[in-house]
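Quick notes on the structure that follows.
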Amino acid sequence: MVYGIGGGIPDGKRFKAVQTGGPSGGCIPEQFLDTPIDFDELNELGSMMGSGAMIVMDEDTCMVDVARYFVNFLKGESCGKCVPCREGLSRMGDLLEEITHGRGKPEDLDVLKDLASTLRGTALCALGTTAPNPVMSTMTFFADEYLAHITEKKCPAGVCRELLNFSIDEEKCSGCLRCLRDCPVKAVVGEARKPHRIQNELCIKCGTCYDVCKFDAVIRK
């Protein structure tokens, strides 16, 4: 489906995961790319057929941020009638927010698993019982990304702004002044035709310098 009908990943980037079934679906990694698209096969991988929708993600996608996004979306869709869904999704969202902001703790992963189990076993409708799928599937298949956010305070995909740092490779910088002119907070300093540098105390990590540099001189990590 992804390569034969969809044409693969744009710009030659690597396939990372596909979420099936809509916002409550699980995220399936590259190792299961040849999985048949049917109810039982998807369910076994922690996803579902659902609405039949598919969201394809490439190497630039942060799977922790994906889980955070869908939990917050589902929280907004919840009717709030039952406590597990109303309170559980809210708490899940808070924990994922903490993790993507670099304030997560190892024990947060156990709490997320407990909340997922409670939701699946006690929520009153299918929205609540399937809502943990994005979280549990990403925790299962992309555990290393969660650990990087929590223990190393890094986002491997370079998505979570609070965990990013920007710098300039002096050997690649031509001193073209493009990043200096476009920086919204004037955090980039330097002279024409000489290497620039970023003042980290002023940088708001917006990524403008990274986006506009034509010489791949800006390092984002």
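Considering only the range 28-39, state which residues are out of contact with any Phe, Trp or Tyr (no Cβ under 7 Å at 6 or more places or on another chain) and at pLDDT 95 or above.
28, 31, 32, listed by residue number.
Taking residue 194 as the residue in question, decide whether it is charged (D, E, K, R), surrounded by 16 or more Cβ atoms within 10 Å (Cβ to Cβ) and outside the structural domain of residue 69 (by TED's automatic domain parsing).
When the stated conditions are applied, residue 194 does not pass them.
Within the range 118-174, can you find the residues that are farther than 27 Å from residue 14 by Cβ, touching a helix residue (DSSP H, G or I) at 6+ places or on another chain (Cβ under 7 Å) and of a type in the set (D, E, K, R)?
120
Here's the yes/no breakdown for (1) surrounded by fewer than 18 Cβ atoms within 10 Å (Cβ to Cβ); (2) among the polar types (S, T, N, Q):
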| site | (1), (2) |
| --- | --- |
| 91 | yes, no |
| 99 | no, no |
| 106 | yes, no |
| 115 | no, no |
| 138 | no, yes |
| 150 | no, no |
| 162 | yes, no |
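β-branched (Val, Ile, Thr), in a loop (DSSP other than H, G, I, E, B) and surrounded by fewer than 18 Cβ atoms within 10 Å (Cβ to Cβ), is that true of residue 55?
No, not satisfied.
The values are calculated or read from the model by the stated rules, or taken from the named source; none is laboratory data. Keep in mind that this is a model prediction, so the values were computed, not measured. Here the Cβ is made from the backbone with ideal geometry for all residues, glycine too, and neighbour counts use every protein chain on show.
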